[in-house]
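The values are calculated or read from the model by the stated rules, or taken from the named source; none is laboratory data. Nothing here was measured: the structure is a model prediction, and the numbers come from that model. Cβ coordinates were reconstructed from backbone atoms using ideal geometry, including for glycine residues, and neighbour counts include every protein chain displayed. Surface accessibility is based on the protein's heavy atoms, side chains included, excluding ligands, DNA and RNA. Shrake-Rupley method; radii C 1.70, N 1.55, O 1.52, S 1.80 Å.
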Amino acid sequence: MKEKIEQILNEVKNFQAENKEALENFRITYLSKKGIIPNLFADFKTVAPELRKEMGMRLNELKNTVSAKVEEQLQRFETQSSSDAGFDMTMPADEMKGSRHPLSIVRRDINEIFEHLGFTIAEGPEIEDDFHVFSALNFPPDHPARDMQDTFFITKNPDVLLRTHTSSIQVRTMEKQQPPIRIIAPGRVFRNEAISARAHCIFHQIEGLYIDENVSFADLKQTLYHFVQEFFGEGTKVRFRPSYFPFTETSAEMDISCNICGGKGCNICKHTGWVEILGCGMCDPNILIASGIDPEKYTGFAFGMGVERIAMLKYGINDLRLFFENDLKFLEQFELS
Ligand code: DAH
């Protein structure tokens, strides 16, 4: 029996089917119910007990080799038939179809700039509670942003809602992690607003948070200045105006010189030469305390920007609704990858 198995093994190893029929015949000869291999398994009963272990192994090896051979040859015929049809389905595509959405391009580019500075990407849920969106961020109980008109509530009492800003990810990160914290948090946000050229009920923000020992307003300015030079180009000017956010103290808004008219004055910048691009400030000690971080030891800065707004300024787009309509004429203007 041993010689027989060796001999069949050699035959099988060298077998090359000329066509699918030959392969099918081969399969029937060896593997079908009355084929060579089931016959050998039937003969196995007559093998002397001391040889059984070895014979069993050899028989199994033979069976596996035949099955693998059939599979391999079948694959060969299948790739052949797709190339017979004029193309090889296994080849990589030589031309990319479709383009990236401008919001994806902008989000990717912004993320990359901050990643080079050592920030990592953080995420949080879109469905949130009052604590993470408002209370932990120092919003007073009667703050207008909590009003039903701005926030989409899923349930009241307990409040379950769609986040109105990505600042909730600051809270989620601080709860999980002690400083140093250096995160950038992109995400979708929701506000109960009428849809127009300048507003939408769904849009995107990117949040930044940096907490460590001795973080100062100078660090905030330098980081954002670097971002603007990288994203909008060398020579873009920035200015900071005092502002108010419940979760930062000092708070500011940052403007850049209008990149549409180069600062000369146009419709986009309302003839001022400046456009606002983000809100920022030093983290209020109260929000550090709310998330379990010692404000005596650590300070931090935060910033938040609207991705649609940045994309509109970058590409000179004047209607926010274009981002959501998926009109091919609009989308085709953007880069492929
Ligand atoms: N969350 C603010 C908004 O939606 C944006 C913002 C402002 C985020 C200042 C910040 C910040 O982190 O420091 O309008």
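How big is the C-alpha Rg of region 35-77 next to the rule-of-thumb value 2.2 N^0.38 Å, as a ratio?
1.41
Which far-off residues, 5 or more places away or on another chain, put their amide H under 5 Å from the one on Asp284, with H placed in the peptide plane?
Thr248, Glu249
What part of the accessible area of region 102-331, given as a whole %, is carbon or sulfur when the probe is 1.4 angstrom?
50 percent
Hull surface divided by four, with the convex hull built on the Cα atoms of the chain: how many nm²?
The directionally averaged projection comes out at 30.4 nm².
So what's region 49-200 giving for Cα Rg divided by 2.2 N^0.38 Å, two decimals?
Dividing the Cα radius of gyration by 2.2 N^0.38 Å gives 1.98.
Anyone know which of Arg52, Arg108, Arg198 comes out most mobile in the 10 Å Cα GNM of the chain?
Arg52
Any idea how far apart Lys156 and Gln16 come out in nm if each label point goes 7 Å out from Cα toward Cβ?
A separation of 8.0 nm, rounded to one decimal place.
Determine the per residue accessible area of the chain with all protein chains present and a 1.4 angstrom probe, expressed in square angstrom.
With the other protein chains kept in place, the chain gives 56 Å² per residue.
Karplus couplings for region 117-123 from phi (6.51 cos²θ - 1.76 cosθ + 1.60, θ = phi - 60°), rounded to Hz, Gly and Pro as x?
Rounded to whole hertz, the list is 8, x, 7, 10, 7, 10, 10.
How are the Cα pair distances of region 154-248 distributed, in percent, across 10 Å bins from 0?
Taking every Cα pair in region 154-248, the percentages come to 12, 33, 38, 15, 2, 0.
Once amide H atoms are built 1.01 Å from N in the peptide plane, which residues 5 or more positions from Leu278, or in another chain, come under 5 Å H to H?
Residues meeting the amide H criterion: Met254.
How large is log10 of I(q)/I(0) for region 85-137 at q = 0.25 Å⁻¹ when the intensity is taken from the Debye formula with one equal scatterer per alpha-carbon?
Values returned for q = 0.25 Å⁻¹ are -0.99.
Taking a quarter of the surface of the convex hull around the Cα atoms of region 2-84, what do you get in nm²?
5.5 nm²
What are the ³J(HN,Hα) values, in whole Hz, obtained from phi via the Karplus relation 6.51 cos²θ - 1.76 cosθ + 1.60 with θ = phi - 60°, for each residue of region 137-143 in sequence order, with x given for Gly and Pro?
Per-residue couplings from phi come out as 9, 6, 6, x, x, 9, 5 Hz.
Compute the length gained on full extension between His271 and Leu328: take 0.36 nm times their separation in residues and subtract their Cα-Cα distance, giving the result in nm to one decimal.
Going from the current span to full extension adds 17.3 nm.
Want the number for Phe41 to Asn192: 0.36 nm per residue separation, take away the alpha-carbon distance, what's left?
47.0 nm
Find which of Thr272, Pro242, Asn111 sits farthest along the positive direction of the dipole of the chain, computed with +1 on the beta-carbon of Lys and Arg, -1 on that of Asp and Glu, about the Cα centre.
So the residue furthest toward the plus end is Asn111.
Taking the Cβ-Cβ separation of Asp212 and Glu72 as r and a Förster radius of 51 Å, what is the calculated FRET efficiency to the nearest 0.05?
Rounded to the nearest 0.05, the efficiency is 0.30.
Using amide H atoms built 1.01 Å from N in the peptide plane, name the residues 5+ places from His204, or on other chains, whose amide H lies under 5 Å from its own.
Result for His204 returns Val189, Val307, Glu308.
For His226, His143, His132, what's the largest-to-smallest order of accessible area, 1.4 Å probe?
Per-residue accessible area, sorted high to low, gives His226, His143, His132.
Only four residue types carry charge here, +1 at the Cβ of Lys and Arg and -1 at the Cβ of Asp and Glu. Report the dipole size of the chain about the Cα centre in Debye, rounded to the nearest 20.
Value, rounded to 20: 680 debye.
Based solely on its DSSP helices, what 222 nm [θ] is calculated for the chain when runs of n ≥ 4 H residues each add -39,500 (n - 2.57) and the sum is averaged over all residues, nearest 500 deg cm²/dmol?
Result for the chain: -12500 deg cm²/dmol, rounded to the nearest 500.
Counting other Cβ atoms within 10 Å, which GluC sites (Glu not before Pro) in region 243-316 have at most 11 and lie in a DSSP loop?
Within region 243-316, the qualifying GluC sites (Glu not before Pro) (loop, at most 11 other Cβ atoms within 10 Å) are Glu296.
If R₀ is 25 angstrom, what is the calculated FRET efficiency for the pair Asp319 and Ser104, using the beta carbon separation as r and rounding to 0.05?
It comes out at approximately 0.85.
Would you kindly state how much longer the chain becomes between Lys2 and Phe87 on full extension, computed as 0.36 nm times their sequence separation minus their alpha carbon distance, in nm to one decimal?
The Lys2-Phe87 span can extend by a further 26.0 nm.
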